[in-house]
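All remarks here apply to the structure that follows.
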Amino acid sequence: MAVMMLEESVRRMKDEMQRMNETTQQLTKKVHNIELNILHLRQEVADEVTALLGNPKKWHEELLAVIDTRKELESIEEGFYDKVRQLSELRNHVSQIENIVQTHEERLTKIDEALRQREEQPISVNETEQDVSEGKPFSEEVKKALRSAHQALQAPSLMPQFVAWLTEDQRRLLPQQLDLLAAAYLLKKSGIVLITTTTIESLVTWMKRGQITSIATGLVALGFLSSRDLGKDEWLCPGSPPRVFDLTDRALRMFVPCGSASTGALHRDMEMQMLEEAFRSKPPRFHVCVRQIPGQLRCDVLLFERIDSKTFDYPGAVGQQVETPEEVRAHSNGQVLMNMILPFTYGLRRVIIVCLPDSIEKLTETRSRLPSWLTKNIEIRAVEP
């Protein structure tokens, strides 16, 4: 009996499991059908959305393009504000320069008036005839030049007449600006093509890079430097390409002699040697190429030291006169002698006669013919051909 009851229970369980399996299969089928319906519905919705709005892949591409555009706009905006900041700094710098120039111009006006009044005063024959010749025989032309030179050397150290030889650009250049221009010149001469604030800093070690950048920006605005942003294909080092600078012709005209058929290539080469020597000084000396005017005898170069970082020592300028071997041979007793005297009549207090080594003896002999009060202010310096 018990066995029969157990078998009945087992049978019922099997029937129940069979029904559960059937129910499960039915539910699974329904779920599968629902999933198919959802899949079809999703596809229909996707097709309808695509038909209305376009391909989602294109949306993604457009989204990426929008993100890239936003980044580009942010970069442009950042560059714009950086330019605004640089422009503000440049305006402040230009304002400072204008103030300095105005001060110099007012000073020059006063000094020019003082010089005019002094020139209008009659020259005392007794004073000028004080033995400025020291008993040495000279022509009347040389005696007149000696008297003028002696009077100029005895005059107060005001802004002298030779300042009128300077161009407006030469008058306005500041010592710190000269430092950067000299560095750019020396870097280019040494073969460095990419002149950046970093390479300039390697020579102008007494300035901070931020100061160099500010002054270089001002020089670009003044037309003494050109600048451009280096392209990525030109910059092989890590990091963003820097801005590069170069000297303009306008800047070079302040320092480099133009040359002419009358002076020749050797004359120019000798001046260029003196220019490089001046620029290699620490800090650089202001080597000014003097404009030559027909009918006027001017020295070839004016050389200025600096009083401080903002002012050159104009009254203490040194004149440089280049004498080639041909000039020494042809004019040692006439024009070369006058070249040693006349710069002093314009207010110079020291003159350097630049020559080649084989001309030293002849020029030393010519200098010895002059009075001692003048010869002590004349230096003869040889450069290699």
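Annotations for the structure displayed:
- Set Leu303, Leu356: member being modelled with pLDDT of 95 or more, under 24 Å from Leu222 (Cα atoms) and not hydroxyl-bearing (Ser, Thr, Tyr): Leu303
- Single residue of Glu74, Glu61, Glu89, Glu8 found to be assigned to a helix (DSSP H, G or I), surrounded by 10 or more Cβ atoms within 10 Å (Cβ to Cβ) and at pLDDT 75 or above: Glu8
- Among the residues of the range 293-311, those identified as closer than 21 Å to Glu271 by Cα and over 21 Å from the mean Cα position of the chain (by Cα) are Ile293, Pro294, Gln296, Leu297, Arg298, Cys299, Asp300, Val301, Leu302.
- Condition check for Met254: out of contact with any helix residue (DSSP H, G or I) (no Cβ under 9 Å at 6 or more places or on another chain) and either outside any strand (DSSP E or B) or buried (at least 18 other Cβ atoms within 10 Å of the Cβ) (or both): no
- Any hit, the range 192-211, residues being without any contact (Cβ under 8 Å) to a residue 12 or more places away in the chain and among the aromatic types (Phe, Trp, Tyr): no
- Residues within the range 171-193 that are surrounded by fewer than 16 Cβ atoms within 10 Å (Cβ to Cβ) and farther than 20 Å from Glu277 by Cβ, tallied: 1
- Taking the criterion of being in a helix (DSSP H, G or I), over 13 Å from Gln320 (Cα atoms) and under 37 Å from the mean Cα position of the chain (by Cα), the residues of the range 332-359 that qualify are Thr345, Pro357.
- Scanning the range 205-231 for residues that are exposed (fewer than 14 other Cβ atoms within 10 Å of the Cβ), in contact with a helix residue (DSSP H, G or I) (Cβ under 9 Å, 6 or more places away or on another chain) and part of a loop (DSSP other than H, G, I, E, B) yields a count of 3.
- With respect to the conditions (1) touching a residue at least 12 places away in the same chain (Cβ under 8 Å); (2) under 23 Å from Tyr185 (Cα atoms), Ser281 lacks only one, and its number is (1).
- For the range 171-211, the set of residues classified as at pLDDT below 95, of a type outside the set (Val, Ile, Thr) and in contact with a strand residue (DSSP E or B) (Cβ under 6 Å, 6 or more places away or on another chain) consists of Leu194 only.
- Failed item, numbered, when Gly239 is tested on (1) of a type in the set (Gly, Ala, Ser); (2) without any contact (Cβ under 8 Å) to a residue 40 or more places away in the chain; (3) surrounded by 18 or more Cβ atoms within 10 Å (Cβ to Cβ): (3)
The values are calculated or read from the model by the stated rules, or taken from the named source; none is laboratory data. Keep in mind that what you see is a predicted model, and the values were worked out from it rather than measured. Neighbour counts run over all protein chains shown; Cβ positions are idealised from the backbone, glycine included.
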